[in-house]
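Right, one structure below, let's go through it.
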């Protein structure tokens, strides 16, 4: 473990002892520590009282560490010996570069690092920079700290990482305001058409056999729903011509452990739902619960004889209705701008990215990532170009250029 008080000037890092004036009025009482796996227990204890997004919570971090066994860097800012801000990162290789990122990679969305709510009210850029400098001193092998898909705020509290140089993420995040309950929502969102479609879907499902919505409440049910989801997603990604981000053994083990462990909580922070028709799962969603927000972390549908009935849309209808009934204020579809989300959503959130190069190599990578993000944003914000891109991607995979379905991101 390394303990340091360091400063970060925005262009270079100096892992040096900083004067109180260089940091803040609390500088003489601030310190930063950087640990590896031995810092996880302290991080988990801090999370009990800290504000954080689901992917920075203790359950996510501990299960990712246990199943994936990444190279860890846990940086903690303390004030008078009490932790007030922490970054739990994994260090991965990206070609010739070493990058520190949030644990989970592309699976970690809507990120907000663990922080003490009272400290957040007076957080300043110097304290945040001191953490980055301490990481640079403790881990000179890291070229770049890449903090991606960051929430601008959580429960109305600003993200302290926004004080650093940052830029907009290329993907929008979409959500729906549940104010007034489900009936009020439907009045605002083509409710008659949605109810009519839901009834029509119900009749089609009943013509095939019985149907039911499932919430995984046992380890066996978690396993069943996740196995179905992995199979659905694998096929979908193959037809889309892109890599299966759920495909490796460690990632699948992580999600099994995450959702299984959540069952021990009175209010599980992670929950699986499935739509079963005629004894077969036709749609699956995995969600996280974050305060008054229910977040759909992932979803998929079976591409079978009932795919044209939009089972994913049917499941979203029921999920959103239950979210209203149980007191959630926001249903969050997470990252990705797709037509099926637009049918519901009235809230757009633009996440942001922070890239902190620690070496000259890191600066080169940061520039490339910024340019890549601009290009990606241009493509996705140009409907014709984005449609053509997806069509070419499918053709490259040897598939027909079919229309997007409700699990495509």
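The values are calculated or read from the model by the stated rules, or taken from the named source; none is laboratory data. All values reported here derive from a predicted model rather than from experimental measurement. Please note: Cβ atoms are built from the backbone with ideal geometry, for glycine as well, and neighbour counts cover all protein chains shown.
Brief remarks on what is shown
- Test set (1) under 22 Å from the mean Cα position of the chain (by Cα); (2) free of Cβ contacts under 8 Å to residues at least 60 places away in the same chain - residue 151 fails condition number: (2)
- Meets criteria (surrounded by fewer than 20 Cβ atoms within 10 Å (Cβ to Cβ), farther than 21 Å from residue 139 by Cα and within 21 Å of the chain's Cα centre (by Cα)) for residue 66: yes
- Taken over the stretch 103-126, the residue count meeting the criterion of being closer than 22 Å to residue 156 by Cα and touching a strand residue (DSSP E or B) at 6+ places or on another chain (Cβ under 6 Å) is 11.
- Counting only helices (runs of 4 or more DSSP H) that sit wholly inside the stretch 103-212, those with at least 3 residues that are under 17 Å from residue 76 (Cα atoms) are 117-120, 125-138.
- In the stretch 12-50, residue nearest to residue 362 (Cα to Cα) [restricted to those that are at pLDDT 95 or above and surrounded by 20 or more Cβ atoms within 10 Å (Cβ to Cβ)]: 43
- Any chance residue 88 is touching a helix residue (DSSP H, G or I) at 6+ places or on another chain (Cβ under 6 Å), assigned by TED's automatic domain parsing to the domain that holds residue 119, on the phi < 0 side of the Ramachandran plot and at pLDDT 95 or above: yes
- Where residue 92 falls short, out of the listed (1) assigned to a strand (DSSP E or B); (2) buried (at least 18 other Cβ atoms within 10 Å of the Cβ): (2)
- Subset of the stretch 295-312 (residues that are in a helix (DSSP H, G or I) and in contact with a helix residue (DSSP H, G or I) (Cβ under 6 Å, 6 or more places away or on another chain)): 309
- Going through (1) in contact with a strand residue (DSSP E or B) (Cβ under 7 Å, 6 or more places away or on another chain); (2) at pLDDT 95 or above; (3) crowded, with 17+ Cβ neighbours inside 10 Å; (4) closer than 30 Å to residue 182 by Cβ one by one, residue 321 falls short only on (1).
Let's see how each residue does on (1) assigned by TED's automatic domain parsing to the domain that holds residue 303; (2) surrounded by fewer than 14 Cβ atoms within 10 Å (Cβ to Cβ); (3) within 18 Å of the chain's Cα centre (by Cα); (4) touching a residue at least 60 places away in the same chain (Cβ under 8 Å):
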position	(1), (2), (3), (4)
216	yes, no, no, no
224	yes, no, no, no
235	yes, no, no, yes
244	yes, no, yes, no
265	yes, yes, no, no
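- Looking across the stretch 339-374, the residues that are within 17 Å of the chain's Cα centre (by Cα) and either assigned to a loop (DSSP other than H, G, I, E, B) or under 13 Å from residue 99 (Cβ atoms) (or both) come down to 353, 354.
- Listed conditions (1) surrounded by fewer than 14 Cβ atoms within 10 Å (Cβ to Cβ); (2) within 27 Å of the chain's Cα centre (by Cα) are all met by residue 200, apart from (2).
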